[in-house]
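Working notes, structure below.
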Amino acid sequence: MSLFSSPTFLRNVLLADAASCVGCGALQVAFTGAVSPMLGLGTSLLTGTGLFLLVYAGVVGFVATRKPIARPLVWLLIFGNLGWAVLCVGLLFSGTVQPTALGTGYVVAQAVTVTLLAELQWFALRRGAGGSLSAA
């Protein structure tokens, strides 16, 4: 059996999404003062987005643990991830921040990661690789 056709594929992708949000969110909230100068990103930006990521992780984790997983909620998460990627790229081109090279890499890594997660979530929905999925 392929990893992509596993009945737990979607659930695992959602849990990976939640874990990545917890990791970035906790880093940004717990170590704002240390991380801000290294990334060249403001403390309020890091704290605000870090708190958002922690809340988002809770929502994604909740959706991932439901049986069945509701398809409309997964679609909402897919669009949320794609929106986050667009906002990351937009931030870099906005001119409102002057990130360091590390900061640019951090923001780009977030955009790439959430785009990949959205793609995997979409793929799982399309292939029905989520185990039991609910239409409602």
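For this structure, a couple of remarks:
- Scattering from the chain was approximated by placing one identical point on each alpha carbon and applying the Debye formula without solvent; log10 I(q)/I(0) at 0.09, 0.11 1/Å stands at -0.29, -0.42.
- Counted residue by residue at 0.36 nm each, then reduced by the alpha carbon distance between them, the extension gain from Phe79 to Val59 reaches 5.8 nm.
- Backbone HN-Hα couplings from phi across region 12-23 [Karplus 6.51/-1.76/1.60, Hz, Gly and Pro as x]: 5, 5, 5, 5, 5, 4, 4, 5, 5, 5, 5, x
- The magnitude of the dipole of region 3-130, with charges of +1 and -1 set on the Cβ of Lys/Arg and Asp/Glu and taken from the Cα centre, is near 460 debye.
- Extension gain for Ala26-Thr43 works out to 4.8 nm (0.36 nm per residue, less the C-alpha to C-alpha distance).
- Full-stretch length increase - Leu102, Ala34 - with 0.36 nm per residue and alpha-carbon distance subtracted: 23.1 nm
Laboratory data are not the source of any read-out in this text; all were calculated from the coordinates shown. As the structure is a computational prediction, the values presented were derived from the model and not from experiment. Glycine gets a Cβ as well: all are built from the backbone with ideal geometry, and neighbour counts include every protein chain shown.
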